[in-house]
Amino acid sequence: MTLEIALSLAILTLTLGLLVSGRLRTDVVALLVLGALAGTGLVTPTEAVAGFSNAAVIAVLGMFILTAALTRAG
């Protein structure tokens, strides 16, 4: 097992643990994973932010914003 594979598996395991435990919000976990992947060099910074140009990512972001607004509004 190479170092890259071990780092990827460790980040994936930690991500799943954080999502299942619910200790952090989903969007925070996603940004932490993005930072971890870019910080460890598994993806380049350009590749890390390239997903934000995808329409599906923008739609999910919009859903998070709408959900937060509806939750606060009661």
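The values are calculated or read from the model by the stated rules, or taken from the named source; none is laboratory data. Because the structure is a prediction, the values reported are computed rather than measured. No Cβ is skipped: glycine too gets one built from the backbone with ideal geometry, and neighbour counts run over all protein chains shown. Surface accessibility is based on the protein's heavy atoms, side chains included, excluding ligands, DNA and RNA. Shrake-Rupley method; radii C 1.70, N 1.55, O 1.52, S 1.80 Å.
Here are some notes:
- Here the relative contact order of the chain, from alpha carbon pairs under 8 Å that lie six or more residues apart, stands at 21 percent.
- Restricting the trypsin sites (Lys or Arg not before Pro) of the chain to loop positions (DSSP other than H, G, I, E, B) with no more than 13 neighbouring Cβ atoms within 10 Å leaves R23, R25.
- Label-to-label distance, V57 versus L34, with points set 7 angstrom from Cα along the beta-carbon direction: 0.6 nm.
- Helix-only [θ]222 nm of the chain, DSSP H runs n ≥ 4, -39500 (n - 2.57) each, per residue, nearest 500: -25500 deg cm²/dmol
- Measuring r between the beta carbons of A68 and L3 and using R0 = 35 Å, the FRET efficiency lands at 0.40.
- Accessible surface of the chain, 1.4 Å probe: 73 percent of it comes from carbon and sulfur atoms.
- The chain: translational diffusion in µm²/s, Stokes-Einstein, Kirkwood Rh over Cα pairs, 4 °C, 1.567 mPa s: 93 µm²/s
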